[in-house]
Amino acid sequence: MFIVRVGFLMAMYHKLLERYFKIIRRGTNSHSTLPEKRRDRIKYFFWNTYAPAHPHVRNSLMACKLIRHSGRQPFLLGHLAPQVSLKSFIEKVEAVGYHTHLLAWKDDDEILNLRLSDGFTHQYHLRVFDDGEVRGHYEYAPEAYPIAHLARVHFLDARDFFMQQLQEYIVPAYEPPKKDKPFLVYTRAFICFLYRRKRQRE
């Protein structure tokens, strides 16, 4: 009887584990290619498991004033065209391959947060705001390089890429580039140095 129960529990465990890996491979958050390196696969599974809880964790920490985030991130693309509804815009970007991004800050007045994965290590990040403003950039994916992602290492303007996909949906607009605070600049330089050293060792 004991052996039967153990066998039943093991079968249930393997079934649940198989279902978990199917969900992860579908890419509940990343929608990126399953990485080949073992270390990257561990990151992939961890962050995709944690992702659904992240908005709640982030909002709780911000409510307790343990972390801060305000304003809108750089790289204005433009505004939604007058004839374009939010629903039609979402249908367009989803057709291209964008999906809701859970592992992210929530900018002020943000109503839509999407990304298009570029492999496991990079992503195109797109945001829409309640006044119709659209912003986007290219950066490290948080699953691959969380510290570099937070410090905005390799945080790039990708206007040409976004406009090529969405030129009929966005009225272009521009803003002057903003200078980062010195602390962020030095932190970014230090992290870049550490990553170069790490790659040299590999």
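A few remarks follow.
Residue-by-condition table, conditions (1) exposed (fewer than 15 other Cβ atoms within 10 Å of the Cβ); (2) in contact (Cβ under 8 Å) with a residue 40 or more places away in the chain; (3) polar (S, T, N, Q); (4) out of contact with any helix residue (DSSP H, G or I) (no Cβ under 6 Å at 6 or more places or on another chain):
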residue: Lys87; (1), (2), (3), (4): yes, no, no, yes
residue: Val128; (1), (2), (3), (4): no, yes, no, yes
residue: Glu139; (1), (2), (3), (4): no, no, no, yes
residue: Ala158; (1), (2), (3), (4): no, yes, no, yes
residue: Glu168; (1), (2), (3), (4): yes, yes, no, yes
residue: Lys179; (1), (2), (3), (4): yes, no, no, yes
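- Count of the range 38-81 residues which are farther than 20 Å from Trp105 by Cβ and either modelled with pLDDT under 85 or touching a strand residue (DSSP E or B) at 6+ places or on another chain (Cβ under 6 Å) (or both): 3
- Scanning the range 66-85 for residues that are in contact (Cβ under 8 Å) with a residue 24 or more places away in the chain and of a type in the set (S, T, N, Q) yields Ser70, Gln73.
Okay, residues lined up against (1) farther than 19 Å from Pro146 by Cβ; (2) among the charged types (D, E, K, R); (3) modelled with pLDDT under 95:
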residue	(1), (2), (3)
Glu94	yes, yes, yes
Gly97	yes, no, yes
Trp105	no, no, yes
Glu110	yes, yes, no
His122	no, no, yes
Leu126	yes, no, no
Phe129	yes, no, no
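The values are calculated or read from the model by the stated rules, or taken from the named source; none is laboratory data. Model, not experiment: these values are computed from the prediction. We place every Cβ from the backbone using ideal geometry, glycine too, and count neighbours over all the protein chains shown.
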